[in-house]
Amino acid sequence: MALPARQQMIYWGVAGVLFLIALWLLGSVIMPFLLGGAIAYFLDPVADKLEKWGMSRVWATATIGLVATLGFVILGLAVVPVLAHQLTQLVATAPDMAQQLQVFLSEKFPSMNERGSVVYETLNSVGEAVKARGGQLAQTVLTSAMGVVNFLVFIVVVPVVTFYMLLDWDKMLTRINDWLPLDHAEEIRALAREIDRVLSGFVRGQVSVCVILGTFYAISLMLAGLNFGLIAGAIAGLLTFIPYVGAIIGGGLSIGLALYQFWGDWFSIGIVVAIFAVGQFLEGNVITPKLVGNSIGLHPLWLIFALSAFGTLFGFVGMLVAVPVAAVIGVLARAALDRYLQGRLYLGLEADDRPPAEP
């Protein structure tokens with residue numbers, strides 16, 4: 001006999017609350033497992049493809065692990081030191097940039113930059129803050145990212161978790177499928193397929209978009225001669241994951257750096273502007289439509305809200321689960337809306353005499 005709907009809602013509500021409590025209390029502990037699970041989910045189609053080509057699951061997982069390890073080693077040796085060096089230089093140069101902007105404003109707009117004005121005080125406070133805290137902030141970021149504990153967690157634990165989850169991914173899905181309540185198994189499977197479609201379409205596609213755009217911006221800006229082109233391109237590519245933010249922050253940073261470095265050389269500044277114009281055109285008209293699609297069901301505003309809310313409440317761990325949770329909520333909300341549009345609450349007392357409403 002099936003449980004009443006009210007009792008089912010209570011059970012699922014309690015499960016959701018327990019999940020949020022666990023996320024709050026065990027964030028730093030479960031982060032390697034969440035990250036490992038996310039990577040395994042991302043790589044599962046690759047393992048399935050290798051299996052279709054004749055490899056066993058063990059060899060497919062081992063091959064993926066070997067290629068990923070070589071990729072991270074090359075990335076760590078060739079790119080990370082340059083990024084760290086450019087970040088340190090950028091922080092050290094920031095006060096000079098603020099001072100040069102202040103001189104420019106004082107020459108062109110004297111009234112705006114008089115002592116005691118808002119612009120004057122703002123630039124002074126920004127310059128002093130960056131000078132006092134910028135180096136410490138950069139050093140903290142670099143040392144915390146490469147600290148002993150974090151190093152061991154992310155270099156040892158995450159790959160191990162990823163390997164075993166990728167190896168047993170199909171077995172885990174089969175076991176979970178066997179545990180589904182029989183009265184609702186088909187409906188849950190349909191919802192799970194829709195969640196997987198939305199999530200895989202966004203995450204796998206958007207990661208590819210970030211990598212492609214980050215590589216394009218970094219290489220193009222370095223070829224254009226921008227001093228901090230690699231770090232600016234990496235920031236622009238990484239933040240592309242958040243709609244509009246990557247273009248605004250990355251483009252603003254790059255154009256600001258170009259104005260500081262190439263002031264008076266409008267051709268070089270125009271090249272930097274053109275790079276971001278071309279990047280935005282390719283992202284909106286070619287890359288994102290091809291890799292992500294236009295109907296994944298995650299509205300940019302809903303995604304920004306989810307990332308902001310979960311990031312504020314649960315930190316970095318919250319940002320890891322924000323997109324999956326947003327996808328789940330979106331699919332469940334659409335399913336609930338479909339039920340409502342086909343139910344008596346919407347159709348009224350004469351529901352039996354009316355055709356079902358179109359979703």
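The values are calculated or read from the model by the stated rules, or taken from the named source; none is laboratory data. Values in this document were obtained by computation on a predicted structure and should not be read as measured data. Because the Cβ atoms are built from the backbone with ideal geometry, glycine has one as well, and the counts that use them run over all protein chains shown. Each accessible area value is taken on the protein alone, full model and side chains, heavy atoms only, with ligands, DNA and RNA left out. Shrake-Rupley method; radii C 1.70, N 1.55, O 1.52, S 1.80 Å.
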At 1.4 Å probe size, with every protein chain present, just tell me what the per residue accessible area of the range 202-292 comes to in Å². 46 Å²
For labels at ALA84 and ASP183 in the simple 7 Å Cα→Cβ model, what's the distance in nm? 5.8 nm
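Could you state the accessible area per residue of the range 296-347 in Å², with a 1.4 Å probe and every protein chain left in place?
Working: 2810 Å² over 52 residues.
Counting only protein heavy atoms, the per-residue value for the range 296-347 is 54 Å².
In percent, how large is the relative contact order of the range 202-292, given Cα pairs closer than 8 Å and 6 or more residues apart?
Details: 113 pairs, mean separation 29.3, N = 91.
Once normalised by length, the contact order is 32 percent.
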What chymotrypsin sites (Phe, Trp or Tyr not before Pro) does the range 220-324 have in DSSP loop regions with at most 16 other beta carbons within 10 Å? TYR244, TRP263
So what does THR69 come to for accessible area, using a 1.4 Å probe and Å² rounded to 10? 80 Å²
Leaving ligands, DNA and RNA out of it, report the carbon-plus-sulfur percent of the accessible area of the range 296-347 at a 1.4 Å probe. 73 percent
